[in-house]
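Some notes on the structure that comes next.
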Amino acid sequence: MKKIFLCLLLLATGSVYAQTMSSEEQAAAIERLTREVEQLKAESQTHTKWDKVVAAMPKISGYVMGRYTYNGDESTFRLRRVRLSVAGDIGKKIDYKFQAELSSFKLLDAYFNYKPFEQFKVKVGQFKVPFSIENTEYSPTKIILIDHPMGMQRLMGFDEKIGETTLKNTGRELGINLHGSVLNKALSYDLAVFNGAGLNTTDNNKSKDVVGRLIYSPIQGLRVSGSYYWGEFGEEFYARERWTVGAAYDKGALIARAEYIAGTTGFEDAEIDSEGWYALAGWRFCDGKWSVAARYDTFSENTEVSALDQTNYTVGVAWKPIKNFRMQLNYQHEDRGSKGHRNCVMVQATASF
């Protein structure tokens, strides 16, 4: 556009200079400038069309995450995650995402999100369960410490035991979610229904799991959240009930987050009550290239058996020298009740594109 404007300006002001030219020279100069303007217009239209084509194409991204762990019981390297994502828009009111884990192949995300209004949207497919702040707002590439807190892992499908089954569905389920925000986006809501049977799995009973969540953001960077999950798992209809409340502040240099999570889980001829909470504080510096954090994390697998309680004290530092690469170092002291104490060192590297 700048080139076209320049040519038009030259064409418009050329009459002043043309007074010193012959009529033949004037005609040739005007014809030449006219051709250049038409050529630049054609090139601009081509670029505009190409930009629209590029904008409509799916966006491919992903990351590789490798980790070393030493805790006295093990000393091992592992390829923790290899993710590949494809996301994009279908018009202005529908977006979609497909994400797969390639290290041990499984489809993680596969959904379409219809957005007729900011106040009302519909997501259909497989996606993160809208439960708590930690599960949906802090992906593996964003979380400041290497592992999620114990309550999230044990009660929201990361490493969750129900009856004789252990769910490792990374906090995801298959279903439908009605969501949106009101009050100038200060209050957001989720109301979802899921199979509750795990990743890429048809339901294993006639019951459906229901999730509700509210998040209030009175100021930028602050979220206050409450969530409730009710479900029945498997042919035995084991109880799977969870609730959580928490708050997070994440803006500029400061990171602070705390949540309480509890639940009731069914087993053969019994139900077990679990609860836990964590508090995290962190600080970013050197233009966000460095960050430090500390977390207190405690969890009771069975509130009636104190010997199963565990408390973790974690400190960590993260270094991000360039946009798409991050190194993390965590030290964690674990008080495992009847199992004694354990020290753990974790190093993790993440490369993304």
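The values are calculated or read from the model by the stated rules, or taken from the named source; none is laboratory data. Remember, it's a predicted structure, so these values are computed and weren't measured experimentally. Every residue, glycine among them, receives a Cβ derived from its backbone with ideal geometry; neighbour counts consider all protein chains shown.
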Item checked: Hits in segment 76-96 (condition: surrounded by 13 or more Cβ atoms within 10 Å (Cβ to Cβ) and in contact (Cβ under 8 Å) with a residue 24 or more places away in the chain) -> Arg80, Arg81, Arg83, Leu84, Ser85, Val86, Ala87, Gly88, Asp89
Next item on the list: Keeping to segment 195-245, report how many residues are part of a loop (DSSP other than H, G, I, E, B) and in contact (Cβ under 8 Å) with a residue 12 or more places away in the chain.
Entry: 19
Margin query: With the structure loaded, tell me whether Asp273 is in the same structural domain as Asp190 (by TED's automatic domain parsing) and under 18 Å from the mean Cα position of the chain (by Cα) or whether it fails that test.
Written below: no
Notebook entry, point to check: Does segment 246-274 hold any residues that are buried (at least 20 other Cβ atoms within 10 Å of the Cβ) and either acidic (Asp, Glu) or outside any strand (DSSP E or B) (or both), and which are they?
Noted result: Glu259
Margin query: Given the condition surrounded by fewer than 14 Cβ atoms within 10 Å (Cβ to Cβ), at pLDDT 95 or above and not in a strand (DSSP E or B), answer yes or no: does some residue in segment 337-348 qualify?
Written below: no
Margin query: Return the pair list, or none, for Cβ contacts closer than 8 Å from residues in segment 330-351 that are touching a residue at least 60 places away in the same chain (Cβ under 8 Å) to residues that are acidic (Asp, Glu), at least 6 apart or on different chains.
Written below: Asn330/Asp147; Arg342/Asp73; Arg342/Glu334; Asn343/Glu334; Cys344/Glu334; Met346/Asp147
Note to self: I'd like to verify a number: residues in segment 182-194 that are hydroxyl-bearing (Ser, Thr, Tyr) and either outside any strand (DSSP E or B) or buried (at least 18 other Cβ atoms within 10 Å of the Cβ) (or both), how many?
What the structure shows: 1
Item checked: Residue satisfying all of: in segment 153-193; in contact with a strand residue (DSSP E or B) (Cβ under 6 Å, 6 or more places away or on another chain) and acidic (Asp, Glu); farthest from Thr298 (Cα to Cα) among these -> Asp190
Check: List pairs: first in segment 292-317 and assigned by TED's automatic domain parsing to the domain that holds Glu275 and under 12 Å from Ile146 (Cβ atoms), second β-branched (Val, Ile, Thr) and not in a strand (DSSP E or B), Cβ under 8 Å, 6+ apart or cross-chain?
Finding: Ala293/Ile144; Gly316/Ile144; Gly316/Ile146
Margin query: Can you tell me which condition Lys142 does not meet? The list is (1) in contact with a helix residue (DSSP H, G or I) (Cβ under 8 Å, 6 or more places away or on another chain); (2) on the phi < 0 side of the Ramachandran plot, and all the others hold.
Written below: (1)
Item checked: Answer from Arg240, Arg213, Arg257, Arg223 - the residue that is in contact with a Pro (Cβ under 6 Å, 6 or more places away or on another chain) and not aromatic (Phe, Trp, Tyr) -> Arg213
Notebook entry, point to check: From the list Lys128, Lys121, which residue is modelled with pLDDT of 95 or more and touching a Phe, Trp or Tyr at 6+ places or on another chain (Cβ under 7 Å)?
Noted result: Lys121
Next item on the list: Please work out which residue is surrounded by the fewest Cβ atoms within 10 Å (Cβ to Cβ), limiting yourself to segment 125-181 and to residues that are of a type in the set (A, V, I, L, M) and not in a loop (DSSP other than H, G, I, E, B).
Entry: Leu178
Next item on the list: Have a look at Phe285, Phe233 and point out the one that is more than 30 Å from Phe98 (Cβ to Cβ) and either out of contact with any strand residue (DSSP E or B) (no Cβ under 8 Å at 6 or more places or on another chain) or of a type in the set (Phe, Trp, Tyr) (or both).
Entry: Phe285
Item checked: Odd one out for Ile133 among (1) in contact (Cβ under 8 Å) with a residue 12 or more places away in the chain; (2) over 14 Å from the mean Cα position of the chain (by Cα) -> (2)
Margin query: Among (1) surrounded by 14 or more Cβ atoms within 10 Å (Cβ to Cβ); (2) not in a strand (DSSP E or B); (3) not small (Gly, Ala, Ser), there is one condition Arg295 misses while meeting the rest; what is its number?
Written below: (2)
Next item on the list: Tell me, yes or no, whether segment 281-294 has at least one residue that is over 30 Å from Ser217 (Cβ atoms) and more than 22 Å from the chain's Cα centre (by Cα).
Entry: no
Margin query: I need every pair where a residue in segment 264-290 that is over 24 Å from Val305 (Cβ atoms) has its Cβ under 6 Å from the Cβ of a residue that is in a strand (DSSP E or B) and of a type in the set (S, T, N, Q), sequence separation at least 6 or different chains.
Written below: Gly282/Ser291; Arg284/Ser291
